[in-house]
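A quick write-up on the structure given underneath.
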Amino acid sequence: MERFTDRTALITGGTSGIGLAAARRLLDEGAYVAITGRDDARLAAAVERLGAADGRVLAVRADAGVPAELDALMRRVADWRGGLDTVFANAGTGVFKPGAELTAEDVDHVLDVNFKGVFFTVQKALPLLRDGGSVVLNASWTLHRGLSVASVYAASKAAVHNLARTLGADLAPRGIRVNSVSPGYIDTPMYREANPDPATEPAVAAEVPLGRLGRSEEVAAVVAFLASDDAAYVTGQDLIVDGGLVGSVPAQGA
């Protein structure tokens, strides 16, 4: 399939994990893709992994939590391709502690990136986003189910999905669809940072009816669906990609 031939996508947080996998998927389907990250070396490594010899990748150092850097990002994208067809607001962060241990700095950091960063990414992309385009926001399974060490993280992701609803209504007159995707336990660098002990993986996988962690590519496939014309009548929705974690109980003895 080449559902994105000659279309242009922006993916924030595109140097690893779900963002990098989404970039790979959209490139494979014909898109031009701009990716962002906060580290030049990781950006260069991502471009190399994506194999951008044909000039279809633009890598821009930008912190989604800094509005001025998002302004500079949009100028780079405008100079490169003139406009956008898809935005995947993927950049995110997490602080996982009991609520009593969270500091004001922890809360500010999570909200600056996960909520304000997502909102301003979309807002600042709007002058470039073509009518009939699509926006996908990266939320989380934790907005659907309580997790004791994720109070502010989960609240920020609930706000992200609410943006999918409200911005979906706001932008509908332009034919722009806005949806969110809620990954479950996905084997990404962020997951490994939060769960550094490999011995915990069997217990985590046992919570999932499908019996394993998800792969970034599996989330990327859903992002591509929501961004494509195959989802032309889908807006304001959250699509959970979690192996059944939220909605089902694993079979006993599985």
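I need the full set of residues from segment 67-118 which are among the hydrophobic types (A, V, I, L, M, F, W, C), under 28 Å from Tyr185 (Cα atoms), open to solvent by less than 40 Å² (accessible area, probe 1.4 Å) and part of a helix (DSSP H, G or I), in order please. Matches in segment 67-118: Val110, Val113, Val118. Tell me, yes or no, whether segment 165-181 has at least one residue that is closer than 23 Å to Gly37 by Cβ, surrounded by fewer than 16 Cβ atoms within 10 Å (Cβ to Cβ) and of a type in the set (Asp, Glu). Checking segment 165-181: not a single residue is closer than 23 Å to Gly37 by Cβ, surrounded by fewer than 16 Cβ atoms within 10 Å (Cβ to Cβ) and of a type in the set (Asp, Glu). Would you confirm whether or not segment 8-19 contains a residue that is open to solvent by 50 Å² or more (accessible area, probe 1.4 Å) and touching a helix residue (DSSP H, G or I) at 6+ places or on another chain (Cβ under 9 Å)? Looking for residues that are open to solvent by 50 Å² or more (accessible area, probe 1.4 Å) and touching a helix residue (DSSP H, G or I) at 6+ places or on another chain (Cβ under 9 Å), one finds none in segment 8-19, hence no.
Can you name the residue in segment 182-210 that is of a type in the set (A, V, I, L, M, F, W, C) and within 16 Å of the chain's Cα centre (by Cα) and is also least open to solvent (accessible area, probe 1.4 Å) among such residues?
Ile186
The single condition among (1) open to solvent by 30 Å² or more (accessible area, probe 1.4 Å); (2) under 28 Å from Ala232 (Cα atoms); (3) under 20 Å from the mean Cα position of the chain (by Cα) that Pro127 does not satisfy is (3). Residues to consider are Leu137, Leu147; find the one that is more than 22 Å from Asp63 (Cα to Cα) and not in a helix (DSSP H, G or I). It is Leu147. Looking across Ala34, Ala64, one residue alone is surrounded by 15 or more Cβ atoms within 10 Å (Cβ to Cβ), more than 19 Å from Ala227 (Cα to Cα), among the aliphatic types (A, V, I, L, M) and in contact with a helix residue (DSSP H, G or I) (Cβ under 6 Å, 6 or more places away or on another chain). It is Ala64.
Just one of (1) buried (at least 17 other Cβ atoms within 10 Å of the Cβ); (2) more than 15 Å from Leu137 (Cβ to Cβ) fails for Val223. It is (2).
What number of residues in segment 33-65 are free of Cβ contacts under 8 Å to residues at least 24 places away in the same chain and β-branched (Val, Ile, Thr)? Of the residues in that region, 1 qualify.
The values are calculated or read from the model by the stated rules, or taken from the named source; none is laboratory data. A quick note: this is a predicted structure, and the numbers were derived from the prediction, not measured. Because the Cβ atoms are built from the backbone with ideal geometry, glycine has one as well, and the counts that use them run over all protein chains shown. Heads up: the accessible areas ignore ligands, DNA and RNA and are worked out on the full protein's heavy atoms, side chains in. Shrake-Rupley method; radii C 1.70, N 1.55, O 1.52, S 1.80 Å.
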